[in-house]
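This report concerns only the one structure given below.
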Amino acid sequence: MSIRIIAKDVYRLQKEVERLEQELSSCPSDKRKELEKRLAEVRVERDKLRNALEGAKEQPPYRKPR
């Protein structure tokens, strides 16, 4: 996967997290549990891709200057 695609996915997931947080702040209590679960899932996916992106941007140890 290219860095650009991963970055776009991270951005999309970040926007989804923001939208869900906004929705959660104004939702009725009967939908809260469902939204909290979805928010947790999206956060995990976002964090996983963010970590992959950070790892992809790092130079391998054998290419770092001494």
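Throughout, read-outs are computed from the coordinates displayed, never taken from laboratory work. Everything numeric here is computed off the predicted structure, so don't read it as measured data. When we count neighbours, we look across all protein chains shown, and the Cβ atoms used for this are built from the backbone with ideal geometry, even at glycine.
Which net charge results for the neighbourhood of L35, defined as the other residues with beta-carbon distances under 15 angstrom from its beta-carbon, given Lys and Arg at +1 and Asp and Glu at -1?
Residues close to L35 contribute a combined charge of -1.
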- prompt: With the dipole of region 3-59 worked out from charges on the C-beta (+1 for Lys and Arg, -1 for Asp and Glu) around the Cα centre, which of L49, Q22, L35 lies farthest toward the positive end?
  reply: L49
field: Radius of gyration, Dmax [region 3-59; alpha carbons; angstrom]
entry: 13.5, 48
- prompt: Quick one: how many lysine pairs in region 3-59 have C-alpha atoms under 17 angstrom apart, if they're 8 or more apart or on different chains?
  reply: 6
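Let me have the relative contact order for region 3-59, percent, based on Cα pairs under 8 Å that are six or more residues apart.
Over region 3-59, the number comes to 58 percent.
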